[in-house]
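The values are calculated or read from the model by the stated rules, or taken from the named source; none is laboratory data. Just so it is clear, the structure is predicted and the values come from calculations on it, not from any experiment. Heads up, the Cβs are rebuilt from the backbone with ideal geometry, glycines too, and the neighbour counts pull from every protein chain shown. The accessibility values were calculated without ligands, DNA or RNA, using every heavy atom of the protein model including side chains. Shrake-Rupley method; radii C 1.70, N 1.55, O 1.52, S 1.80 Å.
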Amino acid sequence: MATDILVLNGPNLNLLGKRQPEIYGHETLADVERSCRSVAREYGLTIDFRQSNDEAQLIDWIHQAREQHTSIVINPAGYSHTSIALMDALSAFPGSIIEVHISNIHRRESFRHLSYVSKVATGVICGLGTAGYNLAVHHLACHLKK
């Protein structure tokens with residue numbers, strides 16, 4: 001069954017709420033998923049929410065999304081700054097792509113300032129905490145309903 005929005009989460013986001021809460025907050029990834037599903041439901045949309053620490057798995061899911069989803073929300077985490085392969089996979093996706101970062105990557109270490117994913121994303125949300133996910137889903141919902 002096809003879903004409207006694929007939400008992908010990269011490495012270490014399975015530790016959200018436990019790892020560096022002073023940067024990433026206390027919400028867990030399960031909290032983020034519930035919130036995204038709630039926003040999507042308001043618009044009559046469905047969410048497929050996934051997380052992997054494996055770059056190849058994320059790429060496989062992006063390839064599958066070409067046939068199964070209209071849009072992608074992705075928090076590539078550390079792969080933002082290192083993965084040309086992830087960027088290439090996303091560049092082959094025909095729908096909208098919103099990149100989300102919980103922290104403001106531009107206020108952090110200089111190596112985090114470059115995101116390869118940003119080069120192919122429709123839009124980027126960073127520094128708004130986990131609320132950035134909801135904003136991404138809201139934006140895509142408005143875009144899909146046009």
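Tabulated data
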quantity: Single residue of Val124, Val137 found to be open to solvent by 60 Å² or more (accessible area, probe 1.4 Å) and more than 18 Å from Ala56 (Cα to Cα); calculated: Val124
quantity: Residue among Leu144, Leu90, Leu140, Leu128 that is among the hydrophobic types (A, V, I, L, M, F, W, C) and more than 24 Å from Gln64 (Cβ to Cβ); calculated: Leu128
quantity: All positions within region 48-102 that are crowded, with 20+ Cβ neighbours inside 10 Å, hydroxyl-bearing (Ser, Thr, Tyr) and more than 13 Å from Ser115 (Cα to Cα); calculated: Ser71
quantity: Failed criterion for Ser103 (all others in (1) modelled with pLDDT under 95; (2) touching a His at 6+ places or on another chain (Cβ under 8 Å) hold); calculated: (2)
quantity: Number of the exception - His138 against (1) at pLDDT 95 or above; (2) touching a Leu at 6+ places or on another chain (Cβ under 6 Å); (3) under 23 Å from His26 (Cβ atoms); calculated: (2)
quantity: Count - residues of region 4-33 that are in contact (Cβ under 8 Å) with a residue 60 or more places away in the chain, part of a helix (DSSP H, G or I) and over 15 Å from the mean Cα position of the chain (by Cα); calculated: 1
